[in-house]
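Working notes for the structure below.
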Amino acid sequence: MIMNQKIFTLDLSVEATSAYILICTMTESGTPVTIESVGTFWNDTSEALAKALEELNNHRVIYEALDHKKVRQYYINPPDLWETPAE
């Protein structure tokens, strides 16, 4: 299983944690993780999704890369790269 329990120790927002779990599920199933593919399962606004992805990116939980079709995809970083929010 790709999901790492460390996500619960980072003190991220509920939305960011939910987005992480969704990204893990999609990654495990082999589904490319794009804002559109995540958005089909997201139960909140597109703005909330964008903010959750930004939070995950800011804490290095995920990173973005363009695929061969120039579509932005999201990938999970190893947990040792994750950064705890500054207090």
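The GNM of the chain, with springs linking C-alpha atoms under 10 angstrom apart, assigns the highest mean-square fluctuation among T45, T27, T17 to T45. Rolling a 1.4 Å probe over the protein heavy atoms gives the chain an accessible area of 64 Å² per residue.
Rolling a 1.4 angstrom probe over the chain with all protein chains present gives an accessible area of which 52% lies on carbon and sulfur atoms.
Rolling a 1.4 Å probe over the protein heavy atoms leaves K69 with an accessible area of roughly 140 Å².
To the nearest ten degrees, helix 14-29 and the longest principal axis of the Cα atoms of the chain are 50 degrees apart. With every protein chain in place and a 1.4 angstrom probe, the accessible-area ranking of S37, S18, largest first, reads S18, S37. Counting only residues at least eight positions apart within a chain, or on another chain, the aspartates and glutamates with an alpha carbon under 18 Å from that of K70 are E36. Cα axis of helix 46-58 to longest principal axis of the chain: angle in degrees, 0 to 90, nearest 10? Taking the Cα atoms of the chain, the angle to 46-58 is about 60 degrees.
Want the number for V14 to E36: 0.36 nm per residue separation, take away the alpha-carbon distance, what's left?
Numbers: separation 22, 0.36 × 22 = 7.92 nm, distance 2.01 nm.
Length difference between fully extended and current span is 5.9 nm.
The values are calculated or read from the model by the stated rules, or taken from the named source; none is laboratory data. From a predicted model like this one, the values you see are computed outputs, not experimental measurements. Just the protein is used for accessible areas: all its heavy atoms, side chains included, with ligands, DNA and RNA removed. Shrake-Rupley method; radii C 1.70, N 1.55, O 1.52, S 1.80 Å.
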